[in-house]
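The values are calculated or read from the model by the stated rules, or taken from the named source; none is laboratory data. Note that the structure is a prediction, hence the values are computed from the model and not measured. All Cβ positions, even for glycine, are placed from backbone atoms using ideal geometry, and neighbour counts span all protein chains on display.
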Amino acid sequence: MSLLKILIFPDPRLRTVAEPVGVVDESIKKLSEDMLETMYEGSGIGLAATQVNIHKRVFVLDISPDKTEPRVFVDPEIVEILNPEKKSYSEGCLSIPGFYEEVKRPSKVKVSFTDLNGQRQMDEIEDLMAVVVQHEIDHLNGKLMVDFISSVKREMIRKKLLKSKV
Ligand code: GNR
Ligand code: NI
C-alpha cells in the first residue's frame, strides 16, 4: 500500500469531473487500498479519488468508531432521495484542513454503486453515512463543501489555505 498526496483547496484540480470506471480491475483495487490507507492516515471518514488527483469515480469511507468497516464505492449514483427533509451537519474535508462548515443535505438517500467484486449494489443510506456519501459524490463532480457557504467565507478560507501552504 502507498500513501497518496491530498490536493488542498483552492487547487483547481479539485474541480475536475471524474470519469466513470466501468470495469473494476486490479488498478481500481490497488487505488481503493491506497485511498483507504491515506484516509486513515489523515483521520478522515471518507476520501474521493479526485482528492488524490485520480479522476475516476471511486470513493472510500469508514464511519465506524474503531475504523474497522472500510467501504468502497465505484461509479456511485444517487438514484432516489428517500427523505428530502434536509439535515444540517458540521462537515470537514481533508482538502480543506482546519475548517468546518454547516451543510444541509437530504437525510436519507438510495445509492447504487459497483463493489470491488464488480457487482452492482443498491443501498439505502441515512444519518452520517448519507452525509459522507453525498460529500464524496460532490467531490467526483468537482464540487466542494465551501460551495455551500457564502462567497465571503469561501474567500477567507481560500486566502488562509493559500498562505498556510499545507
Ligand atoms: O473526514 C471527513 N469528515 C467528514 C465530516 C463530515 C462530513 C463529511 C466528512 S468527509 C471528510 C473527509 C473528506 O474530505 N472526504 O472527502
Ligand atoms: Ni472532502
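Going by the structure shown, is SER88 away from ligand 2 (no atom under 14 Å from the Cβ) and over 19 Å from ASP123 (Cβ atoms)?
yes
Could you go through segment 15-31 and let me know if any residue there is of a type in the set (A, V, I, L, M, F, W, C), within 16 Å of ligand 2 (Cβ to nearest atom) and under 14 Å from the mean Cα position of the chain (by Cα).
First, pick out the residues of segment 15-31 that are of a type in the set (A, V, I, L, M, F, W, C): 17-18, 21, 23-24, 28, 31.
Still in the list and also within 16 Å of ligand 2 (Cβ to nearest atom): 17-18.
Next cut, under 14 Å from the mean Cα position of the chain (by Cα) only: 17-18.
Yes, that holds for at least one residue.
May I ask you to say which residue of SER64, SER112 is away from ligand 2 (no atom under 16 Å from the Cβ), of a type in the set (Gly, Ala, Ser) and part of a strand (DSSP E or B)?
SER112
Out of the residues in segment 1-31 that are of a type in the set (Gly, Ala, Ser) and closer than 15 Å to LEU47 by Cα, which is surrounded by the fewest Cβ atoms within 10 Å (Cβ to Cβ)?
SER2
I'm trying to understand the selection: among the residues of segment 115-158, which are in a loop (DSSP other than H, G, I, E, B) and within 14 Å of the chain's Cα centre (by Cα)? Break it down into steps so the answer makes sense when it comes.
Step one: list which residues in segment 115-158 are in a loop (DSSP other than H, G, I, E, B), which gives 115-119, 141-144, 149-150.
ASN141, GLY142, LYS143, LEU144 - these are the residues of segment 115-158 that are in a loop (DSSP other than H, G, I, E, B) and within 14 Å of the chain's Cα centre (by Cα).
What pairs can you find where one residue is in segment 134-145 and closer than 9 Å to THR50 by Cα, the other is of a type outside the set (A, V, I, L, M) and away from ligand 2 (no atom under 11 Å from the Cβ), and their Cβ atoms are less than 7 Å apart, with a gap of 6+ or different chains?
LEU140/ARG57; GLY142/ARG15; GLY142/THR16
Do you know which residues across segment 120-130 are aliphatic (A, V, I, L, M) and within 16 Å of ligand 1 (Cβ to nearest atom)?
The answer is ILE125, LEU128, MET129, ALA130.
Looking only at segment 4-13, decide whether some residue is within 13 Å of VAL132 (Cβ to Cβ), within 16 Å of ligand 2 (Cβ to nearest atom) and not polar (S, T, N, Q).
No, there is no match, as no residue in segment 4-13 is within 13 Å of VAL132 (Cβ to Cβ), within 16 Å of ligand 2 (Cβ to nearest atom) and not polar (S, T, N, Q).
Examine segment 62-80 for a residue that is closer than 18 Å to ARG13 by Cβ and either more than 15 Å from ligand 1 (Cβ to nearest atom) or of a type in the set (Lys, Arg) (or both), and state whether such a residue exists.
no
Against the condition surrounded by fewer than 16 Cβ atoms within 10 Å (Cβ to Cβ), under 30 Å from ASP25 (Cα atoms) and either away from ligand 2 (no atom under 15 Å from the Cβ) or not hydroxyl-bearing (Ser, Thr, Tyr) (or both), how does MET129 come out, does it pass? Break it down into steps so the answer makes sense when it comes.
Numbers: surrounded by fewer than 16 Cβ atoms within 10 Å (Cβ to Cβ): no; under 30 Å from ASP25 (Cα atoms): yes; either away from ligand 2 (no atom under 15 Å from the Cβ) or not hydroxyl-bearing (Ser, Thr, Tyr) (or both): yes.
So MET129 fails the test.
Give me the pairs: first residue in segment 64-93 and buried (at least 18 other Cβ atoms within 10 Å of the Cβ), second residue in a strand (DSSP E or B) and modelled with pLDDT under 95, beta-carbon distance under 8 Å, and six or more apart or on different chains, which are they?
none
Name the residues in segment 131-161 that are in contact with a strand residue (DSSP E or B) (Cβ under 6 Å, 6 or more places away or on another chain), within 13 Å of ligand 1 (Cβ to nearest atom) and of a type in the set (A, V, I, L, M, F, W, C), would you?
Those that are in contact with a strand residue (DSSP E or B) (Cβ under 6 Å, 6 or more places away or on another chain), within 13 Å of ligand 1 (Cβ to nearest atom) and of a type in the set (A, V, I, L, M, F, W, C): VAL131, VAL132, VAL133, ILE137, LEU140, MET145, PHE148.
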